Structures are given as C-alpha cells and as structure tokens.
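I have placed the structure first, in the form of structure tokens, so that the comments after it can refer back to it.
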Amino acid sequence: MALFHTREKFLPFCRPTIQEDEISEVLDCLKSGWITTGPKTARLEEEFHAWSGGQEAIAVNSATAGLHLAIITLDLAPDDEIITTPVTWPSTVNNIEICGCRTVFADVDRDTLQISPGEIEARITGRTRAVIPVHFAGAPCDLDPIRKICQRHNLSLIEDAAHAVGTRYRNRLIGSNSEVAVFSFHPIKNMTTGEGGMILCGDSERAQRMRMLRFHGISRDAWRRYAKGGVPQYEVIEPGYKYNMLDIEAAMGIHQFRKLPAFNQRRRELAENYRALLADVPEVMPLEPPDYDHEHAWHLFVVRIDTDRLDITRDEFMLKLQEKNVGTGLHFPAVHLQSYYRKKYGFSRGMYPNAEWNSDRLFSLPLYPLLSEDDQAYVVNAMKDIIRHCRPKGKTS
Ligand SMILES: Cc1ncc(COP(=O)(O)O)c(C=O)c1O
C-alpha cells in the first residue's frame, strides 16, 4: 500500500480568483475620488437587472442585510411565523428573530439537503406568513411545489440564494422570476465583492422601499446628494439601515460577474472530478444532486462521513485533514440545535432527523476555480489514508 506523504503547503478551503481586471477596476475607483455607493454599484445593478430579464436589482453590503430588508418589507406582526430550513447559515434564521417573528423549521431531504415541500406544508399554521427556502450548496430547492404551496396559503416566498448565483431551476435562472431572491458575494462564494450581496425583486414598489431602507431610509443616497447635479437636501421617509454596497466592492463585482459562467463551469468540472475520485470510497457520501431538472452552480462540495463504519467522529476527521494540510468547511450544523434556538423554542434532537443526521456527518471539501485536479487527488488520498487508519478492527472495506 502506497505511503501517504503530507504536502508542505496548506491547501485552503477557499480562495477567491482575483485577477488584474478586478485590481485595475478597484484602483480606478480609488483614484476616481468616489469610493462609496455610486456609478460602479449602479453598473453592477444594471448588469444584474439585464441578466435576470428585468428584475429590480439592489446591491447591499451582505446577503444577511438583503434578507433582513426582504423580511422587514413584509411588515409582519410580532409572532407571525416564517418557515425555513435548519440546514443554513445562522443569518437566514437570525433575521427572522431580529424582525420579531417566530421561526418554524421544516426538515430537509436527507440526500440533497434541500428543504422538503411536504414538510413546509405540514408546518403551516394560521400565523404563517412567509417561507424562506435556501438553494443549498448551489443546487436549487424544488421551487414549483414550494411556489404552489405559497400561492395556496397566500404566503410570501423569499429565496435565500446566497449559494445560487448562476443556478437554474427548470431552465430558469434563480432570481429571474422570484418575488425576492438574495445572492451573497462573500469571498467564498461563486463570485465576490469582498463582502456584499444582491437582491433581485419582481415588485418595483417593494424594491424602491428596500433601496431606501438600505441607506438610512432617506430619500437620497450620497451619490444623488454630492455628485454633479445632486441635491444635498434629504428627507427621512422611514428609519432605515446602513446596508449599501461600496463602489470599491462593486468594482470587483463587475469583473467577477462577467467571469461567473467560466467560474461556474470550472466548479462543475471539479465537482464531477470529486464524484469520480470518491466513487470507490463508500465511507464518504457526497450529496446527491436533486432529481428535477436543474443546473448546479456548485458553490459547495459537501460530503458525509459514514460514522457507522468508522471509528472516528466528523470533527476528528476534519482535524486529521487539517493535520494533512487540507482546509475544510462546515455547511452547516443544524440551526435548531444552536443554544438560542434550543432555549427559545425547546428544540431538541429527534425533531428534524434528516437535518440532524447530516449535521453530525457533513463537511465541505475545497472547491474553487483555482483548485487543480492534483489538489483534488491529494484531498481524496488524504481522506482514504484517514479511513484506512480508523476502520473498526476486523473490517477491511
Ligand atoms: C445560506 C446562506 N444564507 C445567507 C448567508 C449570508 O451571506 P453574507 O455572508 O453575504 O451575509 C450565507 C453566508 O454564507 C449563507 O450560506
């Protein structure tokens, strides 16, 4: 059996692809005399508007901020309920709480980790007002049945599309026909602005309100007050937030967005390669792509370790990969088991079995355009080496 040699250089879990065109556009911005929200942000918004087939595009400083604006503009009453998935980044759910609503979880499909439409419908009560599904890992959730449920029960549908820029569901881009969808441009995402996000919205009145609320709730942002022809006077329409995207960030985003199809294609190739490399490793179970028609953006490559066949926990497995100089990610430990949610709602193990089963076993492998096939072979060999050393005695496969 070949001896495993640990590589010298750490292989990070993520790394953005920043090239000369991003750098020179940022420099152009820095030298221009205008670095906060202005013409470059407007350009990025126009490009998203056109790409989405005419949706309103509102650039914000994170997807978290975008989700907050999407919920706050529903004008919900305290204790109204919003249904979401327990397998997400905490901010999806924290925003529900921050807006004074109650979180109701619906379990996910065990092998795609997409929220289950049947589970959503089973959790609807007289107080349910909205559903926030997540397009998990870059695959779409099953939007048609979820939309039908929302229409039947008169619920809003806010799509957490943080992972899904470029994802298609039944040949339509995510966000292109949404009530509201929110993308993230955090550095680990498929395209980045450093920090940032984009809201796509089909309702121009609501979009106008989100645009105003992203900048203090006043009638004119800085560009429209200080640029040539601007009017310095302003009016507070409604107390708002400080969620605007900077032009420095948008400068990066303009070029990242142009390269998105190439970035996503490279991610797809790498994901297929991981699947091939892992085909003969039964202890490592990648997520299954959904069985409905879709195009995956491959934001994450999530695997589950078969802890029933191995003498090792998921956390120990991740540590051993660290020792072998491989970075990994954790997307996501089930939110309902986080202390705030346990305490407030009395959630405990057993309530969302598919989320919990995955929560104990999953982690994410490095996946980004700068990764090489040699890097991937190394990652898989490192996992095989760990598995060889932690099979229960007497078991050889
Ligand atoms: C599913 C999901 N929703 C929302 C967010 C928040 O994105 P941001 O970091 O841009 O606020 C993330 C971030 O990773 C995410 O994974």
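Select from the range 243-277 the residues that are of a type in the set (A, V, I, L, M) and part of a helix (DSSP H, G or I) and list them in ascending order.
Taking the range 243-277 and keeping what is of a type in the set (A, V, I, L, M), we get 245-246, 248, 250-252, 254, 260, 262, 270-271, 276-277.
248, 250, 251, 252, 254, 260, 262, 270, 271, 276, 277, listed by residue number.
Of 233, 208, which residue is at negative phi and surrounded by 13 or more Cβ atoms within 10 Å (Cβ to Cβ)? Spell out how you get there, then give the answer.
Details: 233 fails: surrounded by 13 or more Cβ atoms within 10 Å (Cβ to Cβ).
That would be 208, the only listed residue that is at negative phi and surrounded by 13 or more Cβ atoms within 10 Å (Cβ to Cβ).
Going through the range 130-147 one residue at a time, which ones are within 13 Å of the ligand (Cβ to nearest atom) and not in a loop (DSSP other than H, G, I, E, B)?
Correct list: 132, 134, 137, 139.
Please go through (1) away from the ligand (no atom under 16 Å from the Cβ); (2) surrounded by 15 or more Cβ atoms within 10 Å (Cβ to Cβ); (3) under 29 Å from residue 355 (Cα atoms); (4) not polar (S, T, N, Q) for residue 67 and return the number of the only condition it doesn't satisfy.
Evaluating residue 67 over (1) away from the ligand (no atom under 16 Å from the Cβ); (2) surrounded by 15 or more Cβ atoms within 10 Å (Cβ to Cβ); (3) under 29 Å from residue 355 (Cα atoms); (4) not polar (S, T, N, Q) leaves (1) as the failure.
In the range 157-201, how many are in contact with a helix residue (DSSP H, G or I) (Cβ under 7 Å, 6 or more places away or on another chain), assigned to a strand (DSSP E or B) and either surrounded by fewer than 24 Cβ atoms within 10 Å (Cβ to Cβ) or not β-branched (Val, Ile, Thr) (or both)?
Going through the range 157-201 one residue at a time, the tally reaches 9.
Within the range 77-93, identify whether any single residue is within 30 Å of residue 221 (Cα to Cα) and surrounded by 22 or more Cβ atoms within 10 Å (Cβ to Cβ), and answer yes or no.
Yes; the residues of the range 77-93 include at least one that is within 30 Å of residue 221 (Cα to Cα) and surrounded by 22 or more Cβ atoms within 10 Å (Cβ to Cβ).
Scan the range 130-154 and report the pairs whose first residue is more than 24 Å from residue 184 (Cα to Cα) and of a type outside the set (A, V, I, L, M, F, W, C) and whose second residue is in a loop (DSSP other than H, G, I, E, B) and modelled with pLDDT of 95 or more, with Cβ atoms within less than 7 Å and a gap of 6+ or a chain change.
153/124
Is there a residue being touching a residue at least 12 places away in the same chain (Cβ under 8 Å), in contact with a Cys (Cβ under 8 Å, 6 or more places away or on another chain) and outside any strand (DSSP E or B) anywhere in the range 105-125?
Yes, the range 105-125 contains at least one residue that is touching a residue at least 12 places away in the same chain (Cβ under 8 Å), in contact with a Cys (Cβ under 8 Å, 6 or more places away or on another chain) and outside any strand (DSSP E or B).
How many of the residues making up the range 72-104 are in a loop (DSSP other than H, G, I, E, B) and of a type in the set (A, V, I, L, M, F, W, C)? Step through it out loud before you land on a result.
Going through the range 72-104, the residues in a loop (DSSP other than H, G, I, E, B) turn out to be 73-80, 85-89, 99-101.
Filter once more, keeping what is of a type in the set (A, V, I, L, M, F, W, C): 74, 76-77, 87, 89, 99, 101.
Total meeting the criteria: 7.
Of the conditions (1) more than 17 Å from residue 46 (Cα to Cα); (2) away from the ligand (no atom under 15 Å from the Cβ); (3) among the aliphatic types (A, V, I, L, M), residue 188 clears all except one; give me its number.
(2)
What number of residues within the range 8-64 are within 16 Å of the ligand (Cβ to nearest atom), in contact with a His (Cβ under 8 Å, 6 or more places away or on another chain) and either more than 30 Å from residue 326 (Cα to Cα) or part of a strand (DSSP E or B) (or both)?
So the count comes out to 1.
Report, by residue number, each residue of the range 171-185 that is among the β-branched types (Val, Ile, Thr) and either over 12 Å from the mean Cα position of the chain (by Cα) or away from the ligand (no atom under 16 Å from the Cβ) (or both).
Initial filter on the range 171-185 (among the β-branched types (Val, Ile, Thr)): 174, 180, 182.
Passing the criteria: 174, 180.
The values are calculated or read from the model by the stated rules, or taken from the named source; none is laboratory data. These numbers come from a predicted model, not from an experiment. Cβ coordinates were reconstructed from backbone atoms using ideal geometry, including for glycine residues, and neighbour counts include every protein chain displayed.
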